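The values are calculated or read from the model by the stated rules, or taken from the named source; none is laboratory data. In this text, all values refer to a predicted model and were calculated from it rather than measured experimentally. FYI the Cβ positions are ideal-geometry reconstructions off the backbone, even for glycines, and counts take in every protein chain you see.
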Amino acid sequence: MDLIIRNAKLRGKKELFDIGIDKGKISKIAAKISTKADKWIDAKGNLVTESYCNAHLHLCKVWTLQMMDEKALKDYHGSDMGKAMTAIELAARVKANYDEKWIIKNVRKALELAAKYGNLHIRAFADVDSKAKLEGVKALIKARDEFKGIVNVQVVAFPQDGVVREPGAEDLVKQAMDLGADIVGGIPWIEYTEQDEKTHIEKMVAIARKYNKDVSMLVDDAGDPTLKTLEMLATETIKTGWQGRVLAQHARAMCLYPKPYFQKVVALLKKSGIGIVTDPQTGPLHARVGELLEEGALVCLGQDDISDAYYPYGRNNMLEIAFLASHLLWMTGADQMETLYDMITINGAKAMNVKNFGLKEGNDANMVILGVNSVLEALRDQEAPAFVISSGKVIAETASTTKLYR
């Protein structure tokens, strides 16, 4: 074998295991593996799990906060998100200076952090509109190819400023797909009328079907209970037969829905196979995660932003995101912590349609060896893993030691 991990603690198991890796795959998981290996790592009884998944990151915007003022940030986080549309319009000013040359530098920095923290699958959004043009998409595609085998990036062509209200955006999305983008994006709620919202969804789903691609859309991202683009997206998904290939981000207005309408939306989500990515740390409203999970809907967590006009923090560390969600969603019980861990691993992978994912024989060898032996400690500390393994190879090693002097 290429690599054997010894004395690994697996989630839900009391005894320790060895994990054998060969040719980028998990070849064997057993109490003891006697096969020879080119390299071995002693996990020392610490937790070994699947790597992390970030199903929502505006990667073209990372570290752009310092390029502008905080007006957009204040509008997005204030007034119960009633001024979210205004915030997006203010944030768009940074795109007047979009250039692949400086964007790619920020993107590389973010992906290096992702590798450090074991965040090996990212659905990355790049704005395409009259201001951003295709600069962000070009940078993300270039970085995706550079980091192949290290961090797996799904590039989303994202018409941030709308499709109907932004002439030319639809053609830019098509051009982005021709360049090699992986996912068709959308943000229907940003349109001015309900009919325009439906048109936005129909046009983007049509492009996805033409190119045989998945869809990711930001829906109902404001403090307005009358927003219904999540329902529209689910309906269009069912109508076009694109079930299981659509992912919805945010859905913050959901927390204001009357209970009967919420139940209707949940039924549509399950019928359409749409998962929800929630980012409760980046806005004062968020999807009704507890109720969605109780109803059996697919929910995962996303970073959303790293130091941009919408959120000043972030480091591509999904343990940090789960830690914040634990507080914001009041998921502090032991079982709830395990659920949060699922939301940054297996749920995220399922939502992103990542194939051969999970700590099982035959799957791709993408995993983390932590420096602690429980999910509780992992969430408490949010430390970088001791080892990160991508495609069967060690891509990051972090030693965390401190000397105290009395």
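Figures for the structure shown
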{"read-out": "Residue in the range 117-139 that is out of contact with any Cys (no Cβ under 9 Å at 6 or more places or on another chain) and under 22 Å from residue 357 (Cα atoms) present", "value": "yes"}
{"read-out": "Options 367, 331; residue that is among the hydrophobic types (A, V, I, L, M, F, W, C) and farther than 25 Å from residue 183 by Cβ", "value": "331"}
{"read-out": "Tally of residues being part of a loop (DSSP other than H, G, I, E, B) and within 19 Å of the chain's Cα centre (by Cα) across the range 239-276", "value": "5"}
{"read-out": "Filtered residues of the range 184-224 (kept if within 22 Å of the chain's Cα centre (by Cα), acidic (Asp, Glu) and under 24 Å from residue 77 (Cα atoms))", "value": "220, 221"}
{"read-out": "Some residue of the range 293-306 being over 18 Å from residue 277 (Cα atoms), acidic (Asp, Glu) and out of contact with any Cys (no Cβ under 6 Å at 6 or more places or on another chain)", "value": "no"}
{"read-out": "Any chance residue 347 is assigned to a loop (DSSP other than H, G, I, E, B), over 18 Å from residue 395 (Cβ atoms) and either within 21 Å of the chain's Cα centre (by Cα) or assigned by TED's automatic domain parsing to the domain that holds residue 7 (or both)", "value": "no"}
{"read-out": "Breaking point among (1) without any contact (Cβ under 8 Å) to a residue 40 or more places away in the chain; (2) over 26 Å from residue 64 (Cα atoms); (3) outside any loop (DSSP other than H, G, I, E, B), for residue 203", "value": "(1)"}
{"read-out": "Output for the range 7-25, where each listed residue is buried (at least 18 other Cβ atoms within 10 Å of the Cβ), of a type outside the set (A, V, I, L, M, F, W, C) and free of Cβ contacts under 8 Å to residues at least 60 places away in the same chain", "value": "18, 20"}
{"read-out": "Among residues of the range 329-344, those that are outside any helix (DSSP H, G or I) and within 20 Å of the chain's Cα centre (by Cα), counted", "value": "3"}
{"read-out": "Output for the range 40-90, where each listed residue is out of contact with any helix residue (DSSP H, G or I) (no Cβ under 8 Å at 6 or more places or on another chain) and within 30 Å of residue 14 (Cα to Cα)", "value": "40, 41, 42, 43, 44, 45, 46, 48, 51"}
{"read-out": "Options 152, 119; residue that is within 28 Å of residue 397 (Cα to Cα) and in contact with a helix residue (DSSP H, G or I) (Cβ under 7 Å, 6 or more places away or on another chain)", "value": "119"}
{"read-out": "Filter result for the condition that a residue is assigned to a helix (DSSP H, G or I) and at pLDDT 95 or above, over 111, 90", "value": "111"}
{"read-out": "Filter result for residue 181 (buried (at least 24 other Cβ atoms within 10 Å of the Cβ), small (Gly, Ala, Ser) and either in contact with a Gly (Cβ under 6 Å, 6 or more places away or on another chain) or under 20 Å from residue 316 (Cα atoms) (or both))", "value": "no"}
{"read-out": "Inter-residue pairs, beta-carbon under 6 Å, first assigned by TED's automatic domain parsing to the domain that holds residue 124 and in the range 98-111, second of a type in the set (S, T, N, Q), 6+ apart", "value": "110/316"}
{"read-out": "Search result, residues across the range 19-41 that are under 30 Å from the mean Cα position of the chain (by Cα) and not basic (Lys, Arg)", "value": "19, 20, 21, 22, 24, 26, 27, 29, 41"}
{"read-out": "Residue, surrounded by the most Cβ atoms within 10 Å (Cβ to Cβ), within the range 325-376, restricted to residues that are without any contact (Cβ under 8 Å) to a residue 60 or more places away in the chain and of a type in the set (D, E, K, R)", "value": "342"}
{"read-out": "Test: residue in the range 371-392 that is of a type in the set (Gly, Ala, Ser) and not in a loop (DSSP other than H, G, I, E, B)", "value": "yes"}
